[in-house]
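Comments concern the structure below.
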């Protein structure tokens, strides 16, 4: 087992124990009543931005279908399992840099086919709905 895998396993155990004792993961920035602006269209390309740290924020986004789309996942001192990102529908799996941006080309999403991202342990998730 390599050093990165060992670190992820140790982090997962620590986070899991913390969740048991603290009552679950904390909520993200898109609670009811808050408006999150994480979708931007520039030069015909739609950008959906997700922050990864202690989970994913916002957890639910709504974007336009039928236009070229890129997902930007931002990290900033992210040392938890949200740095281990899995998006099965686009065959993406990677341990993200602790600080930086990962740009993932989603092609041209179809209406009614949501994109779901998960951390490597399945504890944290986000979804982008396309209408």
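Couple of notes before you dig in:
- Here residue 9 fulfils each of the conditions (1) touching a strand residue (DSSP E or B) at 6+ places or on another chain (Cβ under 7 Å); (2) at pLDDT 55 or above apart from (1).
- Test set (1) in a strand (DSSP E or B); (2) at pLDDT below 95 - residue 101 fails condition number: (2)
- Cβ-Cβ under 6 Å pairs, at least 6 apart or on other chains, region 87-112 side on the phi > 0 side of the Ramachandran plot and surrounded by 11 or more Cβ atoms within 10 Å (Cβ to Cβ), far side at pLDDT 95 or above and in a strand (DSSP E or B): 100/75
- Condition met for residue 46 (under 17 Å from residue 122 (Cβ atoms) and at pLDDT 95 or above): no
- For region 79-92, residues that are closer than 15 Å to residue 124 by Cβ and either touching a helix residue (DSSP H, G or I) at 6+ places or on another chain (Cβ under 6 Å) or not in a helix (DSSP H, G or I) (or both) total 7.
- When residues in region 51-73 are screened for being surrounded by fewer than 18 Cβ atoms within 10 Å (Cβ to Cβ) and either modelled with pLDDT under 95 or assigned to a strand (DSSP E or B) (or both), 4 of them pass.
The values are calculated or read from the model by the stated rules, or taken from the named source; none is laboratory data. Model, not experiment: these values are computed from the prediction. When we count neighbours, we look across all protein chains shown, and the Cβ atoms used for this are built from the backbone with ideal geometry, even at glycine.
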